[in-house]
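Written out below as structure tokens is the structure these notes cover.
Derivation of every value follows stated rules applied to the coordinates shown; laboratory data play no part. All of these numbers come straight from a predicted model, not from anything done at the bench. Here the Cβ positions follow ideal geometry from the backbone for every residue, glycine too, while neighbour counts run over all protein chains shown.
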Amino acid sequence: MELVENCCSRYSNNHLIRRKENLGVATAQNIGSEWAKDQGAEYIILFDQDSLPAPDLVAQLMKAYNSIAAQGENISAVGPVIRDVRTATTAPFIRIGWFGTRRIFPDAEPVIAADFLISSGMLCSIETFQPVGLMREELFIDHVDTDWFLRAGAAGYNAWGVRDATMHHSLGEEVRSYSIFKGRLMYMHKPFRYYYTFRNSINLYRKKYATAKWISGDIVRLCKILVVILFNKNRYECYKMIVIGLLHGLIGRSGRYRGESN
């Protein structure tokens, strides 16, 4: 917190909201969104602590948002092209498919329809929270953005990736490439994050707005994670957290996992 306060003290046009404990990313996003609404803001944009937006990011996102809205589309959010600072690779935009996802890389089209966006860098209208709702705070972390975009899709709102808006962002704690996945980059996390990944997947499977197509693809994703963790030096701790997460998901537990050390 001291580092954040020092950074904020350098600028006059910011507002720091303090909390005594870690309440999770969903709660933080909701607090910020509600504060922005109270100040009369029409749009919000979310960032993680390790995101580095291009200087014209907001301008490009707003340009695309206005262009799409002019065509009569209901927009959940628009988001930038994400470039991983460690690998210099570009993350694709995602569309839901049966037992997997369709990965679409930005090319000729200035905007790309997507089913999900990474929450960091996404820009949306304050008005969108009325039909879709705020982030689900009980998820704490992981699948917070997935849940929101699933609800938005069920309400008839679509997400869009913007080719000319760019942002550097680290995806995961560590990144590796495996031949069994045709050289695709796989992102590794700290063990406690897998608790939330598996617990919140079970949580979402019960929701009416979670489509069968998305569930089928997410199950495949979880199976891939189980294989990838075999190569993780903390594999036993990771599998332990996965088992606890699955059990807690089955009994409906939510919120912060109090056994985490991070």
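Tabulated values for the structure
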quantity	calculated
Sequence-distant residues sharing a close amide H with ARG256 (under 5 Å, placed H)	none
Contact order normalised by residue count of the stretch 1-171, Cα under 8 Å, 6+ apart, percent	35 percent
Whether the stretch 184-262 is rounded, prolate or oblate, judged on the alpha carbon gyration tensor where a/c under 1.5 counts as rounded	oblate
Gaussian network model of the chain, Cα within-10 Å springs - most flexible of ALA155, ALA26, ALA114	ALA155
Most mobile of CYS223, CYS124, CYS238 in a GNM of the chain (Cα contacts under 10 Å)	CYS223
Value at 222 nm in deg cm²/dmol, rounded to 500, when DSSP H runs of n ≥ 4 in the chain each add -39,500 (n - 2.57)	-11500 deg cm²/dmol
For MET188, residues with placed amide H under 5 Å, excluding near neighbours	GLU173, GLU174, VAL175, ARG176
Point-to-point label distance, THR87-ASN158, nm (Cα→Cβ direction, 7 Å offset)	2.8 nm
Quarter of Cα convex hull surface for the stretch 33-109, i.e. mean projection, nm²	7.8 nm²
Sum of side-chain charges, ILE118 neighbourhood, beta-carbon under 9 Å (Lys, Arg +1; Asp, Glu -1)	-2
Pairs of lysine residues in the chain - Cα separation under 17 Å, sequence separation of 8 or more or cross-chain	6
Derived scalar couplings ³J(HN,Hα) [the stretch 11-23; Karplus, 6.51 cos²θ - 1.76 cosθ + 1.60; whole Hz; x for Gly, Pro]	10, 8, 9, 9, 9, 9, 9, 9, 9, 6, 9, 6, 9
Highest-fluctuation residue, TYR205, TYR196, TYR11 considered, GNM on the chain with Cα pairs under 10 Å	TYR11
Largest to smallest principal axis extent of the C-alpha atoms in the chain, angstrom	47, 45, 38
Pairwise FRET efficiency - ALA36 versus VAL220, Cβ, R0 = 41 Å, nearest 0.05	0.65
For the stretch 22-151: span of alpha carbons on each principal axis (Å, largest first)	39, 33, 33
Vicinal HN-Hα couplings computed from phi for the stretch 148-158 (Karplus, 6.51 cos²θ - 1.76 cosθ + 1.60; Hz; Gly/Pro x)	5, 6, 5, 5, 4, x, 5, 8, x, 10, 10
